[in-house]
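A.B. asks: This is the structure I want to talk about, given as structure tokens.
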Amino acid sequence: MTQRKGEKPTISIQEHMAIDVCPGPIQPIKQISDYFPRYPRGLPPSAPPPKAGHAGPQSPALSSSSAAASATESDRPNEDKPDRACAGAAASSQASRRDEEPDVEGYDSDDSTTLGTLEFSLQYDQENNALHCTINKAKGLKPMDHNGLSDPYVKLHLLPGASKANKLRTKTLHNTLNPVWSETLTYYGITDEDMVRKTLRISVCDEDKFRHNEFIGETRIPLKKLKPNQIKNFNNCLEKQLPVNKTEDKSLEERGRIMISLKYNTQKSCLVVGIIRCAHLAAMDANGFSDPYVKTYLKPDENKKSKHKTAVKKKTLNPEFNEEFCYDIKYADLTKKTLEVTVWDYDIGKSNDFIGGVSLGINANGERLKHWFDCLKNKDKNIERWHTLTNELPGSLND
């Protein structure tokens with residue numbers, strides 16, 4: 001751009017906006033980037049990048065005046081320039097804050113790292129057929145409520161065959177992400193067969209009063225990892241909810257456990273069947289309990305006289321019966337018989353609800369077959385075993 005002689009130099013609008021029109025030395029107007037500088041990622045904040053020059057031509061007068069202004073400013077201490085001192089402090093604090101905070105854009109969030117950890121211990125009491133689960137504490141649980149906290153509790157299931165009957169749960173602790181329960185939950189009627197094929201699922205959930213409880217995370221422990229009568233400690237990271245195996249036969253859903261004793265009395269030539277107790281029965285009533293009783297049959301039963309029934313136990317899922325029934329039968333005929341045991345919920349004014357059942361005999365397998373054989377091999381000896389109740393009537397079981 002040429003300038004005629006005697007004509008005043010023209011100043012572009014960009015140059016005009018960059019000049020402080022206040023009296024005194026020419027100073028550039030403070031820009032927002034002076035207070036919040038943007039450094040390229042990866043460069044230290046101590047070396048700010050140079051500012052880009054203004055586009056367009058610049059007059060010699062303006063260049064000399066700007067140089068003079070910069071020289072004048074460099075001679076002044078920071079006390080004479082409070083604005084620049086504040087801007088420098090803000091820049092340094094912003095840079096240090098940027099170093100402390102994680103890079104949100106470059107951070108790949110993973111739920112498995114934010115669900116928390118659970119500390120617990122397991123012990124299999126082989127003599128008493130019990131699995132003791134001690135839930136100690138959790139750390140760093142994922143917040144589920146609007147206040148940034150949770151109301152956590154722990155529930156246990158045995159897989160396969162998970163149902164409400166084999167669910168155990170701790171108390172709920174409110175408004176915490178680091179709960180300490182120190183609570184022991186016990187499964188009764190756990191057999192050696194269960195320890196081989198079962199898996200314990202431990203879930204941490206958030207309790208809500210006005211809506212459904214929310215799942216936080218879970219961990220699963222195959223029981224075959226446990227050694228009898230030894231305590232094993234765990235400190236596991238919680239995981240997302242794993243899919244349930246849909247191929248599992250739902251017709252064999254577990255409904256609880258029952259302890260049965262068998263003894264063949266050679267003096268009286270009879271089979272003595274003892275109904276000792278039940279544990280973790282399915283709740284059939286609206287109050288969360290059942291009114292259970294047990295019926296036994298020795299089949300085939302042509303005369304319809306083999307039925308025996310225990311007393312009804314009110315409002316309990318862990319009844320103790322301690323009753324015995326005698327079946328007059330020759331020892332040689334036991335190989336042709338099947339003992340069917342069913343548990344029912346007593347209801348007044350309507351039909352009783354079937355809770356679960358089990359069959360013992362030559363056509364059974366697993367623990368049921370072993371119990372029957374042990375009875376035949378050990379005459380006059382009382383043989384006690386725990387058995388799993390299923391939701392299918394024993395007469396329809398194929399195994």
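A.B. asks: Exactly one of (1) under 25 Å from residue 253 (Cβ atoms); (2) surrounded by fewer than 16 Cβ atoms within 10 Å (Cβ to Cβ) is unmet by residue 194. Its number?
C.D. replies: (2)
A.B. asks: Continuing with this model, one more query. With the requirement that a residue be under 12 Å from the mean Cα position of the chain (by Cα) and either open to solvent by 40 Å² or more (accessible area, probe 1.4 Å) or of a type outside the set (Asp, Glu) (or both), what does the range 201-212 give you? Break it down stepwise before answering.
C.D. replies: Taking the range 201-212 and keeping what is under 12 Å from the mean Cα position of the chain (by Cα), we get 201-206.
Within the range 201-212, 201, 202, 203, 204, 205 qualify.
A.B. asks: Could you say which residue among 200, 156, 185 is within 26 Å of residue 283 (Cα to Cα), in contact with a helix residue (DSSP H, G or I) (Cβ under 7 Å, 6 or more places away or on another chain) and in a strand (DSSP E or B)? It would help to see each step written out before you state the result.
C.D. replies: Working: 156 fails: in contact with a helix residue (DSSP H, G or I) (Cβ under 7 Å, 6 or more places away or on another chain); 185 fails: in contact with a helix residue (DSSP H, G or I) (Cβ under 7 Å, 6 or more places away or on another chain).
That would be 200, the only listed residue that is within 26 Å of residue 283 (Cα to Cα), in contact with a helix residue (DSSP H, G or I) (Cβ under 7 Å, 6 or more places away or on another chain) and in a strand (DSSP E or B).
A.B. asks: Within the range 228-239, which residues are open to solvent by 60 Å² or more (accessible area, probe 1.4 Å) and within 19 Å of residue 124 (Cα to Cα)? Spell out the reasoning first.
C.D. replies: Here is the first cut: in the range 228-239, the ones open to solvent by 60 Å² or more (accessible area, probe 1.4 Å) are 228-233, 235, 237, 239.
Residues satisfying the conditions are 228, 229, 230, 231, 232, 233, 235.
A.B. asks: A further question follows. Sort out which residues of the range 322-371 are hydrophobic (A, V, I, L, M, F, W, C), touching a residue at least 24 places away in the same chain (Cβ under 8 Å) and farther than 18 Å from residue 392 by Cα, and write them in order of number.
C.D. replies: Step one: filter the range 322-371 for residues hydrophobic (A, V, I, L, M, F, W, C), giving 325-326, 329, 332, 334, 339, 341, 343-344, 348, 354-355, 358, 360, 362, 364, 369.
Okay, now just the ones that are also touching a residue at least 24 places away in the same chain (Cβ under 8 Å), so 325-326, 329, 334, 339, 341, 343-344, 354-355, 358, 360, 362, 364.
325, 326, 329, 334, 362 - these are the residues of the range 322-371 that are hydrophobic (A, V, I, L, M, F, W, C), touching a residue at least 24 places away in the same chain (Cβ under 8 Å) and farther than 18 Å from residue 392 by Cα.
A.B. asks: Also, I was wondering about something else. Do you know which residues across the range 302-332 are within 16 Å of residue 273 (Cα to Cα) and open to solvent by less than 100 Å² (accessible area, probe 1.4 Å)?
C.D. replies: Step one: of the range 302-332, the residues within 16 Å of residue 273 (Cα to Cα) are 305-311, 320-331.
The answer is 306, 308, 310, 311, 321, 323, 325, 326, 327, 329, 331.
A.B. asks: Looking at (1) at pLDDT 95 or above; (2) assigned to a loop (DSSP other than H, G, I, E, B), which is the one condition that is false for residue 315?
C.D. replies: (1) is the only condition that residue 315 fails.
A.B. asks: Any residue at all in the range 134-147 that is without any contact (Cβ under 8 Å) to a residue 12 or more places away in the chain and out of contact with any Gly (no Cβ under 7 Å at 6 or more places or on another chain)?
C.D. replies: At the first step, the residues of the range 134-147 found to be without any contact (Cβ under 8 Å) to a residue 12 or more places away in the chain are 146.
Imposing the further condition that a residue be out of contact with any Gly (no Cβ under 7 Å at 6 or more places or on another chain) reduces the set to 146.
There is at least one residue in the range 134-147 that is without any contact (Cβ under 8 Å) to a residue 12 or more places away in the chain and out of contact with any Gly (no Cβ under 7 Å at 6 or more places or on another chain).
A.B. asks: Identify the single condition in (1) open to solvent by less than 90 Å² (accessible area, probe 1.4 Å); (2) out of contact with any helix residue (DSSP H, G or I) (no Cβ under 8 Å at 6 or more places or on another chain) that residue 225 does not satisfy, given that it satisfies every other one.
C.D. replies: (1)
A.B. asks: Being touching a residue at least 60 places away in the same chain (Cβ under 8 Å) and under 21 Å from residue 371 (Cβ atoms) is the filter here; which residues of the range 273-291 pass it?
C.D. replies: At the first step, the residues of the range 273-291 found to be touching a residue at least 60 places away in the same chain (Cβ under 8 Å) are 273-276, 278-285, 290.
Passing the criteria: 273, 274, 275, 276, 278, 279, 280, 281.
A.B. asks: On to the next question. From the set of residues in the range 161-174 that are open to solvent by less than 50 Å² (accessible area, probe 1.4 Å), of a type outside the set (Val, Ile, Thr) and not in a strand (DSSP E or B), which is farthest from residue 198 (Cα to Cα)?
C.D. replies: Per the stated criteria, the residue is 173.
A.B. asks: Quick test of your reading of the structure: residue 281 fulfils all but one of (1) open to solvent by 10 Å² or more (accessible area, probe 1.4 Å); (2) of a type in the set (A, V, I, L, M, F, W, C); (3) not in a strand (DSSP E or B). Name the failing condition by number.
C.D. replies: Evaluating residue 281 over (1) open to solvent by 10 Å² or more (accessible area, probe 1.4 Å); (2) of a type in the set (A, V, I, L, M, F, W, C); (3) not in a strand (DSSP E or B) leaves (1) as the failure.
A.B. asks: I would also like to ask the following. Would you tally the residues in the range 255-275 being over 35 Å from the mean Cα position of the chain (by Cα) and open to solvent by 30 Å² or more (accessible area, probe 1.4 Å)?
C.D. replies: Here is the first cut: in the range 255-275, the ones over 35 Å from the mean Cα position of the chain (by Cα) are 261-275.
Subset that is open to solvent by 30 Å² or more (accessible area, probe 1.4 Å): 263, 266-269.
Adding up the residues that qualify gives 5.
A.B. asks: Step by step: first the residues of the range 188-197, then only those that are among the β-branched types (Val, Ile, Thr) and in a loop (DSSP other than H, G, I, E, B), then the one that is farthest from residue 120 (Cα to Cα). Which residue is that?
C.D. replies: Going residue by residue through the range 188-197, those that are among the β-branched types (Val, Ile, Thr) are 190-191, 196.
Of the ones still in play, those that are also in a loop (DSSP other than H, G, I, E, B) are 190-191.
Numbers: 190: 19, 191: 22 Å.
Only one residue tops the list, namely 191.
The values are calculated or read from the model by the stated rules, or taken from the named source; none is laboratory data. Values in this document were obtained by computation on a predicted structure and should not be read as measured data. Reconstructed Cβ throughout: ideal geometry from the backbone, glycine too, with neighbour counts over all protein chains shown. Heads up: the accessible areas ignore ligands, DNA and RNA and are worked out on the full protein's heavy atoms, side chains in. Shrake-Rupley method; radii C 1.70, N 1.55, O 1.52, S 1.80 Å.
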